[in-house]
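Have a look at the structure below, then the notes.
The values are calculated or read from the model by the stated rules, or taken from the named source; none is laboratory data. Please read all numbers here as calculations on a predicted model, not as lab measurements. Cβ sites come from the backbone with ideal geometry, for glycine too, and all protein chains shown count toward neighbours. To get the accessible areas, we keep the full protein, side chains included, count just its heavy atoms, and leave off ligands, DNA and RNA. Shrake-Rupley method; radii C 1.70, N 1.55, O 1.52, S 1.80 Å.
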Amino acid sequence: MANNRKLGRPTDHRKAMLRALVTYLLENGKVETTLARAKEVGPMTEKMITLGKKSDLAAYRQAMSFITREEVVAKLFSEIAPEYANRNGGYTRIVKIGPRRGDCAEMAIIELVK
């Protein structure tokens with residue numbers, strides 16, 4: 001994890017939540033979440049895309065062990081990673097969108113850069 005934010009959760013719950021967010025981000029291209037979560041999800045997503053660029057069996061298995069859905073891994077290796085073949089990092093963008101109405105938590109959209 002980037003800065004080891006604990007996000008107010010036990011380790012197993014936090015890892016499961018971040019894995020789910022990475023999977024959702026790779027599947028849909030963008031996700032709206034809190035700023036702290038977005039800052040944690042960014043580096044994890046970048047690592048998955050870098051694995052996708054390697055495109056060998058070991059990288060595929062590593063991605064499968066982290067991403068929760070097999071079709072998302074297939075999409076990562078066949079569609080997403082080839083788009084970034086000539087790009088060295090910086091695959092995600094975080095855009096702040098202001099506070100959440102209920103608890104005033106800073107919200108952000110994290111998206112894949114096209």
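Here are several values of Cα Rg over 2.2 N^0.38 Å: [x] 0.97; [y] 1.12; [z] 1.06. Which one was derived from the coordinates shown? For Cα Rg over 2.2 N^0.38 Å, the calculated option is [z]. The accessible-area ordering, largest first, of the residues T50, T92 stands as T50, T92, per a 1.4 angstrom probe.
In order along the stretch 94-110, phi translates into HN-Hα couplings of 10, 10, 6, 10, x, x, 6, 5, x, 10, 6, 6, 5, 9, 8, 10, 10 Hz, rounded to whole numbers, per the Karplus curve 6.51 cos²θ - 1.76 cosθ + 1.60 with θ = phi - 60° and x for Gly and Pro. With all protein chains kept in place, the per residue accessible area of the stretch 1-87 amounts to 56 square angstrom at a probe of 1.4 angstrom. Each Lys or Arg adds one and each Asp or Glu takes one away; over the other residues whose Cβ falls under 9 Å from the Cβ of L112, this sums to +1. Counting only protein heavy atoms and a probe of 1.4 Å, the accessible surface of the stretch 1-68 is 50% carbon and sulfur. When the Cα positions of T11, A63, C104 are compared along the charge dipole of the stretch 1-107, C104 comes out farthest toward the positive end, with charges on each C-beta of Lys, Arg, Asp and Glu.
Each residue of the stretch 50-67 was assigned a 3J(HN,Hα) from its phi angle through the Karplus curve 6.51 cos²θ - 1.76 cosθ + 1.60 (θ = phi - 60°); the sequence is 4, 4, x, 5, 5, 6, 10, 4, 4, 5, 4, 5, 4, 5, 4, 6, 9, 6 Hz, with glycine and proline shown as x. Once you've got the Cα coordinates, tell me which of K30/K114; K6/K114; K15/K53; K15/K47; K39/K114; K15/K54 are over 22 Å apart. The pairs that break the limit, which is 22 Å between Cα atoms, are K6/K114; K15/K53; K15/K54. A cut-off under 15 angstrom between Cβ atoms defines the neighbours of I80, and their net charge, with Lys, Arg +1 and Asp, Glu -1, is +2.
For the chain, the relative contact order is 32 percent, taking Cα pairs closer than 8 Å that sit 6 or more residues apart in sequence and dividing their mean separation by the residue count. R100 sits among other residues whose Cβ lies under 11 Å from its own Cβ, and their net charge, with Lys and Arg +1 and Asp and Glu -1, is -2.
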